[in-house]
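The values are calculated or read from the model by the stated rules, or taken from the named source; none is laboratory data. Because the structure is predicted, anything quoted here is derived from the model rather than measured. Cβ coordinates were reconstructed from backbone atoms using ideal geometry, including for glycine residues, and neighbour counts include every protein chain displayed. Heads up: the accessible areas ignore ligands, DNA and RNA and are worked out on the full protein's heavy atoms, side chains in. Shrake-Rupley method; radii C 1.70, N 1.55, O 1.52, S 1.80 Å.
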Amino acid sequence: MASTSTLSFCTLRRRLPLVGAFCMLTLGLSNLRTGSKLGYSTNTVQSHSIRMEANNNTVPSIVVYVTVPNKESGKKLAESIVKEKLAACVNRVPGIESVYQWKGEIQTDSEELLIIKTRQSLLEALTEHVKANHEYDVPEVISLPINGGNLKYLEWIKESTRE
């Protein structure tokens, strides 16, 4: 019995950071205005991050989610995206499970999630690249705006991608 609860706890511990990261990406750090309750001042947080429109060394940037059926296709697609300078970085998150409706049937599949950081202006080219190099008939390509963050990282996105 102890090993079962330990296994469940370990599984939960591994999944919580992914859930937290997904929530932070979805909700955006700019929605968190409770800095003083967390033990630091809002001014401290703002001095280490920026709003996207506040700096000429950055470009409007996005996070793009793409799911792939397995590790091999995820690696191949991620590498081609970065090689073509369509993104500065692609995180590969293994072990997700997707539940969706396809052709009137509920489907459940194990997949890998690609989290892609790029310029907003590259979304169309990135989408076409994914569609041309993906196994699915209708690959997931959805984007979320990056409203702010670490200035050096946001500058790096600009420097690492094509115009």
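Only one residue in K131, K152, K117, K158 is surrounded by fewer than 20 Cβ atoms within 10 Å (Cβ to Cβ), closer than 28 Å to N70 by Cα and not hydrophobic (A, V, I, L, M, F, W, C). Which one? Exactly one of K131, K152, K117, K158 is surrounded by fewer than 20 Cβ atoms within 10 Å (Cβ to Cβ), closer than 28 Å to N70 by Cα and not hydrophobic (A, V, I, L, M, F, W, C), namely K131.
Just one of the listed residues (E128, E105, E97, E135) is of a type outside the set (A, V, I, L, M), modelled with pLDDT of 95 or more and under 23 Å from I62 (Cβ atoms), namely E128. Can you tell which of E53, E84 is at pLDDT 95 or above and open to solvent by 80 Å² or more (accessible area, probe 1.4 Å)? Step by step, each of E53, E84 is checked, and only E84 is at pLDDT 95 or above and open to solvent by 80 Å² or more (accessible area, probe 1.4 Å). Inside region 128-152, residues that are under 18 Å from W102 (Cβ atoms) and more than 17 Å from the chain's Cα centre (by Cα) make up a count of 6.
Being touching a Pro at 6+ places or on another chain (Cβ under 8 Å) and free of Cβ contacts under 8 Å to residues at least 24 places away in the same chain is the filter here; which residues of region 129-145 pass it? The one that is touching a Pro at 6+ places or on another chain (Cβ under 8 Å) and free of Cβ contacts under 8 Å to residues at least 24 places away in the same chain: K131.
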